[in-house]
Amino acid sequence: MTDLREQPEWSRAAESRVTLERLLSVVGSGVLELDTAPAGLAVPVGGVGVLDALDPEIRHGVLLLAVGVDPGSAQALDVLRRAGAAGATGVVFGPDRPGGAAAALRPVAEQAGTAVLFRTAWCPWDQLVGVLRSGLASAGAPPVPGVPGPALGDLDGLADAVAALVGGSVTVEDTESRVLAHSSTEENVDEMRRLTILGRRVPPWRVAAMREAGLFRALWTTDDVLHRRAQGDDPERLVCAVRAGGEVLGSLWAAAIAGRPLAPNAAEALRAAARAAAAHLLHHRTRGGDSRLVEDAARALLEERGSAELLADRMALPAQESCAVLAVGLGDRGPQGVPSEDPARLYGLLGLYCAGFGHRAVVVPAGGRALVLVGGLERDPEAAREQVTKLGGSLAARLTAATGGQVRVGLGEVVPSLAAAAGSRRDAEQALRALQGGADGRSVARVADVADAIGVLQVVEALRDVRLPPGTSVERLAASDAEQGGSLVETLRAYLDHFGDVSAAARSLSLHPNSLRYRLGRITKVSGLDLDSPDARLLAQLQLRLRRRADDEAAPEAGPPARRP
């Protein structure tokens, strides 16, 4: 475990060019969760500090890591007050939050003028220091003085340093076996290393062979160094995964140079180097990963916590040009609520199709859907609106054909600048919700197209906590289905949704009309529902909607959205 107190401080906040907003957009929501920022997000971050009981001094402008402090304790309140008095930018607490802890911290934070953040569970404290350093450097902070070894993000320097430790040649690779860097040792290299360096990736046939042999499965599931003995002209090799918390970032490979073995302590040296390499690969990911930076900036803007100017800079777009947001429902879900398609593949297809239409767009994963921010639209509002309509229809049709699942697209209104994009996002998500509720059987719509369906959804939302009298018709049908394994509730829903059209309802259920008529007789007998009564039909439809909403909320989640490499 790294001694956090040995981590050097950064320059003071007054010298820093990095704001809290920019740092959060660089490191992403998977590392820190912002709870409150009473002084706003434009405050500068001058460095990272670690709370030390033996050294109570808190430096001005730092992001203070409150290691070992229970957020629900009186100590947490005291730390927050002292941080405010010292001018700290914010205090980061651990992920375990007892009930009401965050709410208790907020008034103290307001008084102190200090932000409150929480570390996510996947990133332990020692890794968080490296992540924040990487984020600060990526965002433009001056380098950390006194840190030995290669500069943060200098992967070639890292490879040379590791090569000197292990006594062999070294490659730094990502999770797709692409070579990010290699050591400068070129004497007597083996043929596999030569091919790998020249092609900037491990040859596909070699990757396939290692996958078949189970090497990657073993590599990504252990912290141990894997060893392969020399085989003929192929020298011995060592490999170790590089991780930041629970996320695999890549791997370090060390190969013996012909004529001499690796150093006796090569395995231990490679394991230690892999721990040190995490900050370098995180820096490479944030500094060199333009798409990740754009995605994080767009996510922050759409959540109304980001900067239009920052996103415009990263997308190379004027901040004052027209834009719109499309909300894309990524197809049907399979058993246990798992998406029927790999979301990462669909995100890639979305970006590809938008580029094919000549649009500058950024795709932001958002759970079971994707938000597509399209910028640089036509200046004429009607022409821009037509562009968005055409793009939405194409995305729905192409993705549906590519995946085999029904893809629906909610269209946000065209807004005059990136700063107003969050409003377009809200429109798009409302339209998508209505589409996913089956509004008119459409696959693409704006709010105005499905206003009635959105209104019903809002009514249902308002009624979710209303206590209905016991023994309603729908309750009796549901009890009968549960007892006898029937499908009377589903039948009634189809019948009412099709406005009493027996033929259409039967087709939707793949039933013969006579079978549906028989079920309707059972429904009236079991539930006592009077299908001729407008009040009874209205209550039944509302209760059926409420049940569907409850079922959707109870369905297993698909998990957090995949981060794209």
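Points to keep in mind about this one:
- Between Ala420 and Ala39, the FRET efficiency estimated from the beta carbon spacing at R0 = 25 angstrom works out to 0.50.
- Once the Cβ-Cβ distance of Trp205 and Ala258 is raised to the sixth power relative to R0 = 35 Å, the FRET efficiency obtained is 0.95.
- In nm, spacing of pseudo-spin labels at Asp234 and Asp78 (7 Å Cα→C-beta vector): 6.1 nm
- Asp35 long-range amide H proximity, modeled H, under 5 Å: Val116, Leu117, Phe118
- Separation in nanometres of the label points that stand 7 Å from Cα toward Cβ, at Arg548 and Ala104: 4.4 nm
- HN-Hα J in Hz across region 204-210 - Karplus 6.51, -1.76, 1.60, θ = phi - 60°, x for Gly and Pro: x, 5, 6, 4, 4, 5, 5
- Residues whose amide H falls under 5 Å from that of Arg446, counting only those 5 or more places apart or on a different chain, are Leu411, with hydrogens built in the peptide plane.
- The simple spin-label model puts a point 7 Å past each Cα toward its Cβ; for Gln111 and Lys390 those points are separated by 6.0 nm.
- Mean Cα-pair separation over length for region 399-543, i.e. relative contact order, pairs under 8 Å, 6 or more apart, %: 16 percent
- Theoretical gain in end-to-end length, Gln406 to Thr175 [0.36 nm per residue, Cα-Cα removed]: 80.0 nm
- In order along region 98-115, the Karplus-derived 3J(HN,Hα) couplings, from 6.51 cos²θ - 1.76 cosθ + 1.60 at θ = phi - 60°, round to x, x, x, 5, 5, 5, 6, 6, 4, x, 5, 4, 4, 5, 7, x, 10, 6 Hz, and Gly and Pro are given as x.
- Across region 37-51, coupling constants 3J(HN,Hα) worked out from phi with the 6.51/-1.76/1.60 Karplus curve, θ = phi - 60°, read 9, x, 9, x, 9, 8, 6, x, 10, x, x, 10, x, 10, 4 Hz, and Gly and Pro carry x.
- Amide H contacts for Val50 (H built 1.01 Å from N in the peptide plane; partners 5 or more residues away or on another chain; cut-off under 5 Å): Leu65.
- Pairs of Cα atoms nearer than 8 Å and 6+ residues apart set the relative contact order; for region 378-450 it is 30 percent.
Rule-based calculations on the coordinates, nothing more; no lab input. From a predicted model like this one, the values you see are computed outputs, not experimental measurements. Virtual Cβ from ideal backbone geometry, glycine too; neighbours counted across all protein chains shown.
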